[in-house]
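K.L.:
The structure's right below; bear with me while I get my questions together.
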């Protein structure tokens, strides 16, 4: 595997050179997950401009059970849902917010966006995104040697 790619199971990190204008995110790690207070994200307006958008953690944990009501679905507690009205895609149709941090109002990161819950703008329902909790993100980084 190339040294710029780290992989663990179905998750991988791509190493890049540190960009001079990048800042390290401060992970907010809590056993109980993010609370339902207001959050925000920075969303792209163009290739070079972002804007702050208010968001809201609507489901603190996607912890769920399998058909047997005593068995938790593997890793389901590692995710949460955030409401965000941004739905732009890349030219290839990929979610432009994938890996975007979700911030608390104090600027700490509660997680990163993984995917949209709807694939087309015309699909019914609220604009929800599945996000990986900061605690699990830290655990993955530790497994990968960071």
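The values are calculated or read from the model by the stated rules, or taken from the named source; none is laboratory data. Fair warning: this is a prediction, and the values are worked out from it, not measured in the lab. Note that each Cβ is placed from the backbone with ideal geometry, even for glycine, and that neighbours are counted across all protein chains shown.
K.L.:
At least 1 residues that are modelled with pLDDT under 70, touching a helix residue (DSSP H, G or I) at 6+ places or on another chain (Cβ under 7 Å) and surrounded by 13 or more Cβ atoms within 10 Å (Cβ to Cβ) in each: list the strands (runs of 3 or more DSSP E) lying fully within region 8-86 that qualify.
P.N.:
By residue number, 11-14.
K.L.:
If a residue must be in a loop (DSSP other than H, G, I, E, B) and surrounded by 14 or more Cβ atoms within 10 Å (Cβ to Cβ), how many such residues does region 97-112 contain?
P.N.:
So the answer is 3.
K.L.:
Looking only at residues in region 106-125 that are more than 14 Å from residue 25 (Cβ to Cβ) and in contact with a strand residue (DSSP E or B) (Cβ under 6 Å, 6 or more places away or on another chain), which one is modelled with the highest pLDDT? Lay out the reasoning, then the answer.
P.N.:
Residues of region 106-125 that are more than 14 Å from residue 25 (Cβ to Cβ), as a first pass: 114-125.
Next, from what is left, pick out any that are in contact with a strand residue (DSSP E or B) (Cβ under 6 Å, 6 or more places away or on another chain): 114-117.
Working: 114: 86, 115: 82, 116: 81, 117: 77.
The qualifying residue modelled with the highest pLDDT is 114.
K.L.:
Would you pick out the residues in region 73-88 that are touching a residue at least 40 places away in the same chain (Cβ under 8 Å) and more than 14 Å from residue 139 (Cβ to Cβ)?
P.N.:
Those that are touching a residue at least 40 places away in the same chain (Cβ under 8 Å) and more than 14 Å from residue 139 (Cβ to Cβ): 80, 81, 82, 83, 84, 85, 86, 87, 88.
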